[in-house]
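Read the structure below first, then the notes.
The values are calculated or read from the model by the stated rules, or taken from the named source; none is laboratory data. Bear in mind the structure is a predicted one, so any value in this text is a computation, not a measurement. Cβ placement follows ideal geometry from the backbone for every residue including glycine, while neighbour counts extend to all protein chains displayed.
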Amino acid sequence: MTDDEAFEIIRRHFQSLFPLTCPSCGRRYAELRDYILNTKRVGQAISYDAEAGVWDATVPVGTLALANCACGTTLGLSTRGMELSQRRALLGWIKDTTERRGIQPSELLEEVRDRIRKLALDNPARCGLPQQREACSHEVVVEHERGRQSPAPHDLEAHRVGPACATLRRW
């Protein structure tokens with residue numbers, strides 16, 4: 001696995017964790033970029049398996065990156081929910097890369113974290129958030145069970161402007 005392939009797997013997985021809501025204050029982070037911009041990083045990201053030197057775990061414990069919500073609650077992004085084959089492949093990548101470069105796993109994970117942050121700040125569309133939100137002129141239609149159709153109000157919070165925004169909702 002190349003560094004770029006590993007980065008893309010991690011970025012896509014973290015992006016898939018959103019929306020995320022703070023359990024204490026209820027703040028909703030709609031996208032990864034929103035989370036990066038509005039939380040404060042806490043400590044270094046850690047791969048529990050890599051730190052323990054368990055490179056061939058049948059079921060890896062996983063990796064965790066922490067950040068504080070504005071209310072002070074610590075939130076975490078982890079590899080929990082990622083396909084087992086991807087988790088094991090990433091663990092192999094961490095082992096190979098850290099041995100080749102002579103660095104600690106936490107240093108490598110911080111580089112990945114920095115790269116994701118830079119991408120989110122420099123290229124919002126790549127992290128799942130449109131460059132700008134705007135009113136959409138596309139018609140959203142609700143299809144009733146009996147086949148009737150009627151216009152429905154747009155849910156702008158979940159809506160993405162562009163060709164894929166023609167959403168069909170079923171009752």
Quiz item: Among the residues of the range 46-81, how many are surrounded by 14 or more Cβ atoms within 10 Å (Cβ to Cβ), in contact with a strand residue (DSSP E or B) (Cβ under 9 Å, 6 or more places away or on another chain) and part of a loop (DSSP other than H, G, I, E, B)?
Solution: 5
Exercise. Assess whether E99 counts as being farther than 15 Å from R117 by Cβ, at pLDDT below 95, in the same structural domain as D122 (by TED's automatic domain parsing) and assigned to a helix (DSSP H, G or I).
Key: no
Practice problem: Please determine, by comparing only the residues of the range 3-39 that are part of a strand (DSSP E or B) and touching a Pro at 6+ places or on another chain (Cβ under 8 Å), which one is nearest to L90 (Cα to Cα). | Solution: Y29
Quiz item: Got a number for residues in the range 84-97 being within 17 Å of G62 (Cβ to Cβ) and touching a residue at least 40 places away in the same chain (Cβ under 8 Å)?
Solution: 8
Self-check item: Answer residue from the range 38-77, given it is among the hydroxyl-bearing types (S, T, Y) and in contact with a Phe, Trp or Tyr (Cβ under 9 Å, 6 or more places away or on another chain) and is farthest from R11 (Cα to Cα) among those
Solution: T39
Self-check item: Within the range 32-45, considering residues that are crowded, with 19+ Cβ neighbours inside 10 Å and in contact with a Leu (Cβ under 6 Å, 6 or more places away or on another chain), the one farthest from L75 (Cα to Cα)
Solution: R33
